[in-house]
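Enquirer: Below you'll find the structure I mean.
Just so you know, all these numbers are worked out from the coordinates, no wet-lab data involved. Bear in mind that the values here come from a model prediction, so they are computed numbers and not experimental data. Counting neighbours? That spans all protein chains shown, and the Cβs are built from the backbone with ideal geometry, glycine included.
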Amino acid sequence: NAGVTQTPKFRILKIGQSMTLQCTQDMNHNYMYWYRQDPGMGLKLIYYSVGAGITDKGEVPNGYNVSRSTTEDFPLRLELAAPSQTSVYFCASSSPGTDTQYFGPGTRLTVL
Amino acid sequence: GENVEQHPSTLSVQEGDSAVIKCTYSDSASNYFPWYKQELGKRPQLIIDIRSNVGEKKDQRIAVTLNKTAKHFSLHITETQPEDSAVYFCAASIYKFSGGYNKLIFGAGTRLAVHP
């Protein structure tokens with residue numbers, strides 16, 4: 001199993017550009033999550049999903065959108081990139097009842 | 001809102017010493033408390049977790065204790081080694097009763113440096 005994979009690893013955006021961060025898991029986990037980690041800080045939940053077609057906002061959802069059309073994929077969309085969105089983005093997944101969240105390798109995003 | 005406070009923010013120890021990191025949570029309904037280790041430029045990795053029906057859990061040099069009454073839990077690392085140097089995050093679960101699923105609220109992290 002590859003676990004949780006994310007693409008791209010790095011990206012530089014200009015202010016106002018848009019992009020999609022990809023996340024895929026092959027563990028058949030129902031639950032998936034997007035976090036952002038600012039330098040020297042902890043992880044903040046952006047959005048999460050409990051299954052295909054079901055998503056909900058986390059602590060810091062503004063400026064982001066998500067979709068969940070399949071169990072495996074949970075892309076994160078930035079529509080109008082702003083410097084405040086410069087961060088490392090982690091995707092995670094977990095199975096109902098086990099609680100353990102497994103993280104992807106992260107995407108380092110810089111908005112200039 | 002729900003939050004998790006973590007102390008200290010930085011911790012420096014000599015190799016072989018013990019290290020203790022403490023966290024306090026706000027939601028009395030939280031019942032799952034994982035600890036993650038994050039090395040520089042890497043993803044967070046689960047190192048140990050504890051549930052609310054257990055007061056202590058140990059895995060080799062790592063142990064976690066939970067005091068539900070006081071709403072705090074701690075990570076204990078004994079006989080520290082240079083490879084223990086990393087950032088450690090605690091987290092507490094926040095359950096949605098209608099959905100039966102969990103979210104995690106993370107502490108701000110503790111940067112542990114183990115000096116040879």
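Enquirer: Could you work out the mean projected area of the convex hull around the alpha carbons of the protein assembly as shown, in square nanometres to one decimal?
Expert: 12.6 nm²
Enquirer: Averaged over peptide B:87-93, how many Cβ atoms belonging to another chain are found within 10 Å of each residue's Cβ? Don't skip to the answer; put the middle values down first.
Expert: On the way: counts 3, 0, 3, 1, 3, 0, 2.
Mean inter-chain Cβ contacts per residue within 10 Å come to 2.
Enquirer: On a straight-distance basis, which lysines could pair with A:LYS44 in a cross-link, Cα separation under 22 angstrom, same-chain partners fewer than 8 positions away excluded?
Expert: Once the sequence-local lysines are set aside, what remains near A:LYS44 is A:LYS9, A:LYS57, B:LYS22, B:LYS37, B:LYS42, B:LYS71, B:LYS96, B:LYS103.
Enquirer: Still on this structure, please answer the following. So what's Rg/Rh here for the range A:66-112, counting alpha carbon atoms and using the Kirkwood radius for Rh? Don't skip to the end; give the middle numbers.
Expert: Details: Rg = 13.2 Å, Rh = 12.6 Å.
Answer for the range A:66-112: 1.05.
Enquirer: While we're on this one: Just the Cα atoms of chain A: what Rg and Dmax do they give in Å?
Expert: Reported Rg and Dmax, both Å: 13.1, 41.
Enquirer: Across peptide B:103-109, how many C-beta atoms of other chains are within 10 Å of each residue C-beta, on average? Present the calculation step by step, with values, prior to reporting the outcome.
Expert: Values: counts 8, 9, 6, 8, 2, 4, 5.
For peptide B:103-109, the averaged partner shielding equals 6.
Enquirer: Same structure again: Compactness ratio of chain B: Cα Rg over 2.2 N^0.38 Å, N = residue count? Don't skip to the answer; put the middle values down first.
Expert: Values: Rg = 14.1 Å, N = 116, 2.2 N^0.38 = 13.4 Å.
That ratio works out to 1.05.
Enquirer: If you stretched the chain out fully between B:GLU83 and B:ASP59, how much longer would it get, using 0.36 nm times the residue separation minus the C-alpha to C-alpha distance? Mind dumping the intermediate values first?
Expert: On the way: separation 24, 0.36 × 24 = 8.64 nm, distance 1.65 nm.
Extending this stretch completely gives an extra 7.0 nm.
Enquirer: Quick one: pull the percentage of alpha-carbon pairs in the range A:45-93 with a separation above 14 Å.
Expert: On the way: 578 of 1176 pairs.
Looking at the range A:45-93, the distances longer than 14 Å represent 49 percent of pairs.
Enquirer: A further question on this structure: Considering all projection directions equally, how large on average is the shadow of the alpha-carbon convex hull of the range B:1-55, in square nanometres?
Expert: Working: hull surface 21.5 nm².
Averaging across all directions leaves 5.4 nm² for the Cα convex hull.
Enquirer: Please report, for the Cα atoms of the range B:26-91, the Rg to one decimal and the Dmax as a whole number; what are they, in angstrom?
Expert: 12.4, 36
Enquirer: A follow-up question, please. Peptide A:94-103: average number of partner chain Cβ atoms within 10 Å per residue? Don't jump to the answer; show the numbers that get you there.
Expert: Numbers: counts 3, 0, 4, 3, 2, 11, 4, 9, 4, 7.
Partner Cβ neighbours, averaged per residue: 5.
Enquirer: Take the Cβ-Cβ distance between A:ILE54 and A:ASP26 as r, set R0 to 25 Å, and report the resulting FRET efficiency rounded to the nearest 0.05. Display every interim value, and only then the final one.
Expert: Working: r = 20 Å, r/R0 = 0.80.
The formula returns an efficiency of 0.80 here.
Enquirer: Restrict the search to the range B:4-109; then list the GluC sites (Glu not before Pro) that DSSP places in a loop and that have at most 16 other Cβ atoms within 10 Å of their Cβ. Show your work: numbers first, answer last.
Expert: Numbers: sites: B:GLU5, B:GLU15, B:GLU39, B:GLU56, B:GLU79, B:GLU83; in loops: B:GLU15, B:GLU39, B:GLU79.
Those satisfying the criteria are B:GLU15, B:GLU39, B:GLU79.
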